[in-house]
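Working notes, structure below.
Each value in this text was obtained by applying a stated rule to the coordinates, not by laboratory testing. Here the structure is a predicted model, which is why all the values come from computation and not from measurement. Glycine also receives a Cβ, built like all others from the backbone with ideal geometry; neighbour counts cover every protein chain displayed.
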Amino acid sequence: MTSDLENLRVVLVATRNPLNIGAAARAMSNFGVRRLRVVNPYEPAFREARSAVGAAELLAKAEQYESVGEAVADCKLVVGTTVANRRDLQHRVQRLDVAGRALKKQLKSGPVALLFGSERFGLSNEGMSHCHWMMRIPTREEHGSMNLGQAVAVCLYELVRGPKGATARTAVGKTGNSAASSGDVERLTQTLLQVLHDSGYIKPRAVAAEEKLRRLVRRLALNGNDAEVLVGMVRQIAWKIGSKQKYAG
């Protein structure tokens, strides 16, 4: 399982306290996970967090991004974490034990991102729109939230425990080919979004519509070839429509 964990990217989104980033890095080092990515942390000096005991090098090498889309672009599966209460989630939510088995299988075939939101609000709707599905730690309802470092540790423990051969059904390309990366899926999403804007189906700056479209495209579970073909098809349609509108004027 150690080699499979090379494919895991832990992504912390809009983390408010640098000590929590350090604690997350320490938990990653405990379980042999090396790829930490941080999106728009509130405190730029997080790399100096004293809580990263024994994980200073891992923290120093953390990759920093300005958006969730950029942070997960190379990943074929993106899973978000949530308390899953008092929110109208538009995703399938798996318990930690079930989600762990699905993640283990996907880690054997390519990069996987595990997203954690800010300590105060969790993942935003925009952040969740980049996820294929969500997972939750089965805490008691009266006190569902956990410290960020603890949550990372619990999730990573689930990935390393149990028999190495444990498997589960997970989302792969529909023809058995390698699943499309998040970058490929996002290119398709943005191409569709542009055509829908140009056609008048979606109004400019309709954030909720963009998030809904992003979730819809991810539910298709496309493989890399299918995503590439669909991008080409949509671009050709856009070009044809644009040409007709041009000459019609």
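Results, tabulated for the structure shown:
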| read-out | value |
| --- | --- |
| Of Arg95, Arg34, Arg136, the one that fluctuates the most in a GNM where the chain has Cα springs shorter than 10 Å | Arg95 |
| By average C-beta atoms within 10 angstrom, highest first, the peptides 112-122, 197-207 | 112-122, 197-207 |
| Distance violations [Cα-Cα > 32 Å] among Lys61/Lys104; Lys104/Lys203; Lys104/Lys212 | Lys104/Lys203 |
| Normalised alpha carbon radius of gyration of the range 1-82 [divisor 2.2 N^0.38 Å] | 1.03 |
| Amide proton proximity set for Ser178, modelled H, under 5 Å, gap of 5+ | Gly224 |
| Sum of side-chain charges, Val68 neighbourhood, beta-carbon under 12 Å (Lys, Arg +1; Asp, Glu -1) | -2 |
| Enclosed volume per residue, in Å³, of the convex hull spanned by Cα atoms of the range 182-248 | 77 |
| Label-point gap, in nm, between Val53 and Lys108 - each point 7 angstrom along Cα→Cβ | 3.6 |
| Loop-resident sites, the range 44-74, for GluC sites (Glu not before Pro), counting at most 15 other Cβ within 10 Å (DSSP) | Glu66 |
| Estimated 222 nm signal from helices in the chain, with DSSP H stretches of n ≥ 4 weighted -39500 (n - 2.57), rounded to 500 | -13500 deg cm²/dmol |
| Dipole of the range 182-248 [Lys/Arg +1, Asp/Glu -1 at C-beta], most positive-end residue of Gly183, Asn225, Trp239 | Trp239 |
| Extension gain from Ile237 to Val207, taking 0.36 nm per residue of separation minus the Cα-Cα distance | 8.4 nm |
| P(r) of the chain over all Cα-Cα pairs, binned every 5 Å from zero, in whole percent | 1, 6, 13, 17, 18, 16, 12, 7, 5, 3, 1, 1, 0, 0 |
| The range 47-108: projected area of the alpha-carbon convex hull, averaged over directions, in nm² | 6.7 |
| Two-site label geometry, His143 and Gln90: point separation in nm, points 7 Å out along Cα→Cβ | 3.5 |
| Net charge dipole size for the chain [Lys, Arg +1 and Asp, Glu -1 on Cβ; Debye, nearest 20] | 580 |
| Extension gain, Ala45 back to Glu66 (0.36 nm per residue minus Cα-Cα distance, nm) | 6.0 nm |
